[in-house]
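Beneath this line is the structure, given in structure tokens, with notes to follow.
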């Protein structure tokens with residue numbers, strides 16, 4: 001028995017539940033929980049909650065359908081960031097490679113701080129507008 005709660009996963013709101021799940025599945029190399037896989041028969045995908053797992057079967061990210069969500073406007077505070085995720089990479093080469101991959105998957109670059117020698121990073125927005133960082 002633990003003295004503390006354990007993080008189960010990070011839940012992210014999105015208008016396009018499947019679209020954002022696909023972005024994070026591809027970006028992070030995750031896979032769907034069996035019951036959350038896209039329909040293989042071409043039927044409409046009416047999901048409102050998708051769980052993505054790592055290779056050990058542990059939950060990492062969940063996407064929750066929210067029709068009334070407004071994307072953050074970071075760095076402006078008009079619509080605050082509310083939360084963000086940081087993803088660590090091991091080298092400058094990986095930092096560049098993962099930024100390019102994220103952009104190909106639909107992310108957009110918000111801030112480039114790669115000129116800061118002891119803490120280079122990129123701030124990007126996922127396809128739903130949520131900021132996330134790639135950090136060395």
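The values are calculated or read from the model by the stated rules, or taken from the named source; none is laboratory data. For clarity, every value in this text was computed on a predicted model and none was experimentally measured. A quick note on method: Cβ atoms are made from the backbone with ideal geometry, for glycine too, and the neighbour counts reach across all protein chains shown.
Looking across 45, 55, 34, one residue alone is surrounded by fewer than 18 Cβ atoms within 10 Å (Cβ to Cβ), outside the structural domain of residue 124 (by TED's automatic domain parsing) and in contact with a helix residue (DSSP H, G or I) (Cβ under 6 Å, 6 or more places away or on another chain). It is 45. Taking strands (runs of 3 or more DSSP E) as the structural unit, those lying wholly within segment 1-97 and holding at least 3 residues that are closer than 13 Å to residue 128 by Cα and touching a strand residue (DSSP E or B) at 6+ places or on another chain (Cβ under 8 Å) correspond to 10-14, 59-65. Give segment 98-117 a look and list any residue that's loosely packed, with under 15 Cβ neighbours inside 10 Å and part of a helix (DSSP H, G or I), or say none. Of everything in segment 98-117, those that are loosely packed, with under 15 Cβ neighbours inside 10 Å and part of a helix (DSSP H, G or I) turn out to be 100, 101, 103, 104. Only one of the listed residues (121, 92) is buried (at least 16 other Cβ atoms within 10 Å of the Cβ) and not assigned by TED's automatic domain parsing to the domain that holds residue 18. That residue is 121.
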